[in-house]
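The values are calculated or read from the model by the stated rules, or taken from the named source; none is laboratory data. None of the values given here were measured: they were computed from a predicted structure. Glycine also receives a Cβ, built like all others from the backbone with ideal geometry; neighbour counts cover every protein chain displayed.
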Amino acid sequence: MKSLSPSTHYLNPNLWVDKHSDYLFNYTIIRVSDPEIAKDLISETFLAGLKSKGNFKGKASERTWLIAILKRKIIDYYRKVNSKKGKSEVRINYFDKESEINWLEEKVSDPYLKNAEDRIKNQELGLAISACLDTLKEKQAQIFIRKTIDQIETETICKEFNISASNLWVIIHRARKEMARCLKENWF
Amino acid sequence: MKCDKAGYVSDKAQYLDAYFWEKIKLYMHLFFCEFCREYVKNNTKLSEAFVRSDLKTMTHNDKQKLKKTLYEEMLKEN
């Protein structure tokens, strides 16, 4: 029997949604800016992953491998969008002379462009946070996400997970300490 | 107030869940405790990072749908 190196990775499609969907969702949203399209692309990625799981050699992690597939799906998506000729849209909002005067000025000081660098930085921060969430224990991560990202009321989370409020705060406290440590190492 | 309690109240305050008196006690503790001041500073920084990142999660329903699709595909394969 062939011995496997300690760095060999395995695929476990049963856990893909729980382990990777949120990370892939943020990764895709940054690139396509549409949650519905992002969801479709992730679904296609998982299905393509399932079909080609025989090609997985175990050299890269499961997530890296799924991201490689997702990247190709995103490229395909843009190819398809760009190939739809004659469907490009130009929006002109200036109909009267008075507003026409402001046109150039508005284009020059486009706040979208001005903040583009900040936006990219924040999106990268999002991915760093997402990666740090993986270092938490499963239940701890779920509770932390419900409270911090989904901003659900304490009482609702306690009912959902059948825990007391003081229990919840202990879990949150430990998770925050771990997140701060992880982000200090990888981001701050 | 002891340091561990101060830590919990600081966390609750990040989610606007701390009571008024808890916050007063926390501020009194912070006046004397440099260690907890540092914790609160990092805790605030962490909250700001979450706000800035605008992190999204897939809804429970979306995840269930995705699981179902994957499961059906796995069944076809076997």
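Counting only helices (runs of 4 or more DSSP H) that fall entirely inside the stretch A:110-188 and contain at least 3 residues that are more than 20 Å from A:Ile30 (Cα to Cα), the qualifying elements are A:138-148, A:154-161, A:165-186. Among the residues of this structure, B:Thr57 counts as one that is in contact with a Ser or Thr (Cβ under 9 Å, 6 or more places away or on another chain) and at pLDDT below 90. Please determine, by comparing only the residues of the stretch B:43-78 that are polar (S, T, N, Q) and buried (at least 17 other Cβ atoms within 10 Å of the Cβ), which one is farthest from A:Asp22 (Cα to Cα). Ranking the qualifying residues of the stretch B:43-78, first place goes to B:Asn43.
Number of residues in the stretch B:51-78 that are in a helix (DSSP H, G or I) and closer than 22 Å to A:Lys39 by Cβ: the value is 18.
For the stretch A:5-43, the candidate set comprises residues that are farther than 16 Å from A:Tyr77 by Cα and of a type in the set (Gly, Ala, Ser); within that set, the residue that is modelled with the lowest pLDDT is A:Ser5.
The residues of the stretch A:21-59 that are over 17 Å from B:Lys68 (Cβ atoms), within 11 Å of chain B (Cβ to nearest Cβ) and among the charged types (D, E, K, R), listed by number, are A:Asp22, A:Glu36, A:Lys51, A:Lys53.
If you go through the stretch A:10-68 and pick out every residue that is charged (D, E, K, R), assigned to a helix (DSSP H, G or I) and more than 18 Å from the chain's Cα centre (by Cα), you end up with 2. Within the stretch B:28-39, does at least one residue satisfy the condition of being within 9 Å of chain A (Cβ to nearest Cβ) and either part of a loop (DSSP other than H, G, I, E, B) or in contact with a helix residue (DSSP H, G or I) (Cβ under 9 Å, 6 or more places away or on another chain) (or both)? Looking for residues that are within 9 Å of chain A (Cβ to nearest Cβ) and either part of a loop (DSSP other than H, G, I, E, B) or in contact with a helix residue (DSSP H, G or I) (Cβ under 9 Å, 6 or more places away or on another chain) (or both), one finds at least one in the stretch B:28-39, hence yes.
Right, B:Asp11: acidic (Asp, Glu) and within 18 Å of the chain's Cα centre (by Cα) or not? The answer is yes for B:Asp11.
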